[in-house]
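See below for the structure under consideration.
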Amino acid sequence: MTDELRVLEIWRFPVKSLLGERLDRSGVEPEGLAGDRGWALFDVATGFGLTARRVPELLFAAARLRADGGVEVVLPDGTVTADDAVLSRWAGRPVTLRPAAEVRGDRRYESPDDDEQEDAARWNPFAGADGAFHDNAGARVTLVSTGTLGGWDRRRFRANVVLAGAGEDALAGTRVRLGTAELDVVEGVPRCVMTTRPQAGGIGRDTGVLRTIHRERGGTLAVGALVARPGELAVGDVVTPV
């Protein structure tokens, strides 16, 4: 039996692998939180989508949605932009910022052969989900509890919903209600080298994070869910079984 799980924080990440924004409430759509992973940066030369697995500098920029539904990137020096030329100068390569609706066919990203090694000699591409730029189609909303996080900074794990309490792993295979939305909780979320990366906000490099997740949790942390019924969730909502 799980403890009562209550929404403590809600996070949206408008641009894949960039830092996101904390919300008091959010719409929940078939592909996840409204605006979550709705854009990604692509390497013009290779066609690959950029992630912090391959380009860890992404974790020092942030993205936020504009009132008109567009997106803007806040660079480490405070520059606010959505201009490809400005983003390319910062990235040190030609890049383009693209919305998910404009990217048809396979979405391919690069990942190290060995997630334990940040300086892996070889990089293998992987295919992401259709629609919003999630890594896989089996997890459109991710949830993690304070009980699971312990002393780890929750920003390392980029969960959409941080829950006060403990026991989210036991929700796998069930349908739950959060606010007016319903989620089918599928399984634990596999973790990669991104959890070890330094990022803005004083989070330092810590390779022990991933080793501990593999040793103590079988390589997963947080649970992924699919949206069974769109709706809205807010801070303070309680997870209830359907």
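Bear in mind these aren't lab numbers, they're just calculated from the coordinates by the rules spelled out. Not measured: the values here are computed from a predicted model. All Cβ positions, glycine included, derive from the backbone under ideal geometry; neighbour counts span all protein chains shown.
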For the chain, what is the charge dipole size about the Cα centre, in debye to the nearest 20, if Lys and Arg each add +1 at the Cβ and Asp and Glu each add -1 at the Cβ? 140 debye
Structure-based [θ]222 nm, the chain - -39500 (n - 2.57) summed over DSSP H runs of at least 4, per residue, nearest 500: -2500 deg cm²/dmol
Going by C-beta contacts inside 10 Å, put Phe13, Phe133, Phe60 in order with the fewest on the left. Phe60, Phe13, Phe133
Environment charge at Phe42 (Cβ cut-off 11 Å; Lys +1, Arg +1, Asp -1, Glu -1): +2
In whole Hz and in residue order, list the ³J(HN,Hα) couplings for region 39-48 that follow from phi through the Karplus curve 6.51 cos²θ - 1.76 cosθ + 1.60, θ = phi - 60°; x for Gly and Pro. 9, 8, 8, 10, 6, 5, 6, 9, x, 6
Please give the helix 208-217 orientation as an angle from the longest Cα principal axis of the chain, in degrees from 0 to 90, rounded to the nearest 10. 40 degrees
Using mean Cβ contacts within 10 Å as the protection proxy, how do 187-193, 208-214 order, highest first? 187-193, 208-214
Among Gly35, Gly70, Gly20: highest mean-square fluctuation, GNM of the chain, C-alpha pairs under 10 Å: Gly70
Residue separation between Ala172 and Thr81 times 0.36 nm, minus their alpha-carbon distance, gives in nm 28.8 nm
Take the alpha carbon atoms of region 167-225, find their center, do the same for region 44-72, and report the distance between the two centers in whole angstrom. 21 Å
Can you give the extra length, in nm with one decimal, that the chain gains between Thr146 and Arg89 once fully stretched, where that is 0.36 nm per residue apart less the Cα-Cα distance? 16.7 nm
